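Report on the structure given below.
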Amino acid sequence: MFLFKLALKNLKRRKKRTFIMALILATAVISFLLLDSLMIGMMDLSFGNVIDFETPHIEIAQKEFFAEIDDDEEPPLEQAFIPEQSKLAELREIEGFRALTSVIDFSATFIAGRYDFPVLVRAIDEESFKAVFKHHEHLEKGEFISAGDSGVVIGKDLAEFFNLDIGDYYTLRFRDKDNYYSTLEGEIKGIISTPHPEVNQRTVLAARDQAVGRLAVAENSITQLMLRLENRDQALNKADLLAADFAETDFEVRSYRDASEMLVAIEAWGYLETYFILALILLVGAIGIVNAVVLSALERVEEIGMMKAMGLKEKEIVKVFVIEAGGIGVVGALLGSFLGGILNFFFVKYGFSLEGLWNPEALGLPLSGRLYGSWSLSSFSFIFIFVIIITVIASIIPAYWAARKDPADAIHHK
């Protein structure tokens, strides 16, 4: 207790130096907390857009279908299948199940006037599709497709590229399952503007009952089963369980993360950058702690000599300096956590719009809309403890240097 009181007294004697060093450490804490909140918010927004507009929580298809998609090839219609009703019933009994829809994905050339553009056509059943995805909530013009429609819903960017509006005519040219050319024609029924640039640029939604007849596949054929659960964390666990159930079959189960390898890689690099920035700031803080201990020792050479002459051992003097450094770490961690928490509160509550910050279409990432921060108790706990540990470790060597001075020389030091 005596050593703690002595260390605290020394910190109070040098308030200005203590505050400056604590402020440097607080800067590291604030930077880490805000960057971590930003990364979590970005990933939440990106994966949320993937789940709502591209790949839901869980996706099931033939293994060869996923293999060709992963190789950037066209969705293979020969991998279409008719789902067993018993299996569909089992999927609906999964804990946390909310909705299920079946789709047929195929590549086509979108033609309007003299121009054409490669697109992904997703043939859907309206009611079940609306329960899994949120395209209909972002309808900008016209109506959403329904069973029997020959019309299609396209993205805003695709409509602008062709200068199309509701009621304009289109043609979709594609190869069917037997590799023969076929077409779908009709009117533009709806135009959507979603937070997912790929959907706005390259996705065409068509009625499944209209597409099936032109694709040379069986009436009830689909290429993917798509499930929406209560939340994404639950989805990862259920996807693993379903993958084990389907392991001995020709089917494969993927979660939304499995289908978003680029986002997963960006997430990993983002956290790596966050920790790199943290390391740089803490390095400056550690150097400052070393300087603070050395300066404190030089200012208190005679005091150190007196303490050793009074019987204090080297390790006890070391403890005094280490406790002082730890105290600076605690002050810095508390200050940084407090200020970081206040700033993050506004970030979480109000967020900020990504409009104008970058072009999501050019990046090709599902990152648009309004970005909000996130609370992470583990991040607050980690940075608080980590800062204290760094300051303590940084003080050990200069503390030993100070404690090893000869008592007689130290007392007569000038």
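The values are calculated or read from the model by the stated rules, or taken from the named source; none is laboratory data. Here the structure is a predicted model, which is why all the values come from computation and not from measurement. With ideal geometry, Cβ positions are generated from the backbone for all residues, glycine too; neighbour counts draw on all protein chains shown.
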Handout entry: Total residues in the stretch 221-237, condition out of contact with any helix residue (DSSP H, G or I) (no Cβ under 8 Å at 6 or more places or on another chain), surrounded by fewer than 21 Cβ atoms within 10 Å (Cβ to Cβ) and not polar (S, T, N, Q)
Key = 3
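Can you tell me which residue within the stretch 173-189, out of those that are crowded, with 22+ Cβ neighbours inside 10 Å and in contact with a Gly (Cβ under 9 Å, 6 or more places away or on another chain), is nearest to ALA159 (Cα to Cα)?
Per the criteria, the residue is ILE188.
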Exercise for the section: Go through the residues of the stretch 83-98 one by one and say whether even a single one is under 24 Å from LEU367 (Cα atoms) and either surrounded by fewer than 19 Cβ atoms within 10 Å (Cβ to Cβ) or touching a helix residue (DSSP H, G or I) at 6+ places or on another chain (Cβ under 8 Å) (or both). Expected result: no
Practice task
May I ask you to say which residue of ILE385, ILE393 is part of a helix (DSSP H, G or I), of a type outside the set (Gly, Ala, Ser) and at pLDDT below 85?
Solution key: ILE393
Fill in the blank from the handout: Just one listed residue, out of PHE162, PHE117, is hydrophobic (A, V, I, L, M, F, W, C) and surrounded by 17 or more Cβ atoms within 10 Å (Cβ to Cβ), and it is PHE162
Fill in the blank from the handout: From the option list LEU172, LEU139, single residue qualifying as assigned by TED's automatic domain parsing to the domain that holds GLU219 and over 13 Å from GLN210 (Cβ atoms) is LEU139
Completion exercise
Given (1) touching a residue at least 24 places away in the same chain (Cβ under 8 Å); (2) surrounded by fewer than 19 Cβ atoms within 10 Å (Cβ to Cβ), LYS130 misses just (1)
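Working only within the stretch 330-349, note down all residues that are of a type in the set (S, T, N, Q) and either surrounded by fewer than 18 Cβ atoms within 10 Å (Cβ to Cβ) or under 21 Å from LEU45 (Cα atoms) (or both).
ASN344
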Practice task
Inspect all residues belonging to the stretch 207-218 and state whether any of them is surrounded by fewer than 17 Cβ atoms within 10 Å (Cβ to Cβ) and either among the acidic types (Asp, Glu) or under 18 Å from the mean Cα position of the chain (by Cα) (or both).
Solution key: yes
Handout entry: Test for LEU35: is it in contact (Cβ under 8 Å) with a residue 60 or more places away in the chain, part of a helix (DSSP H, G or I), in contact with a helix residue (DSSP H, G or I) (Cβ under 8 Å, 6 or more places away or on another chain) and hydrophobic (A, V, I, L, M, F, W, C)
Key = yes
Practice task
Keeping to the stretch 246-286, report how many residues are more than 30 Å from VAL392 (Cα to Cα) and surrounded by 13 or more Cβ atoms within 10 Å (Cβ to Cβ).
Solution key: 15
Completion exercise
Taking the stretch 45-69 and keeping residues acidic (Asp, Glu) and modelled with pLDDT under 85 leaves GLU64, GLU68
Handout entry: Hey, SER107 surrounded by 16 or more Cβ atoms within 10 Å (Cβ to Cβ), among the small types (Gly, Ala, Ser) and under 30 Å from ASN163 (Cα atoms) or not
Key = yes
